[in-house]
Amino acid sequence: MQGGRERLRKSLFMCAFTATRHNPDLAAFYTRLRQSGKEHLCAVIAVARKLIVLANTILFRKTEWTPQHRKN
């Protein structure tokens, strides 16, 4: 992962790494990638990208985060 703002990139990577451990939805996504043969770093970067997409969607829709694993 190169280019862009280094500080933001490092922060996003750490958020993605933490999300793979503590967020059930993103952990499942990470596990699915690893089971399909993706390298650890590649899977974490995919989680980081997913975090960006989720953040943009939440901001655009002006909604709150709603976990997919929650059954109402």
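The values are calculated or read from the model by the stated rules, or taken from the named source; none is laboratory data. Here the structure is a predicted model, which is why all the values come from computation and not from measurement. Here Cβ is always computed from backbone atoms with ideal geometry, including for glycine, and neighbour counts include all displayed protein chains. SASA here: full protein model, heavy atoms, side chains in, ligands and nucleic acids out. Shrake-Rupley method; radii C 1.70, N 1.55, O 1.52, S 1.80 Å.
Accessible area per residue for the chain is 84 Å², calculated with a 1.4 Å probe on protein heavy atoms, without ligands, DNA or RNA.
Placing pseudo-labels 7 Å out from each Cα toward the beta carbon at residue 8 and residue 49 gives an inter-label distance of 1.7 nm.
Per residue, the average separation of C-alpha pairs within less than 8 Å and at least 6 apart gives the stretch 1-46 a relative contact order of 36 percent. Packing-based ranking of 54-65, 10-21 yields 10-21, 54-65, ordered from highest to lowest mean Cβ neighbour count within 10 Å. Here the accessible area of the chain is 55 percent carbon and sulfur, with a 1.4 angstrom probe and all protein chains present.
Relative to the Cα centre, what is the charge dipole magnitude of the chain, using +1 at the beta carbon of each Lys and Arg, -1 at the beta carbon of each Asp and Glu, and rounding to the nearest 20 debye? Roughly 80 debye for the chain. Based on Cα atoms of the chain, Rg over Rh with Rh as the Kirkwood radius reads 0.99.
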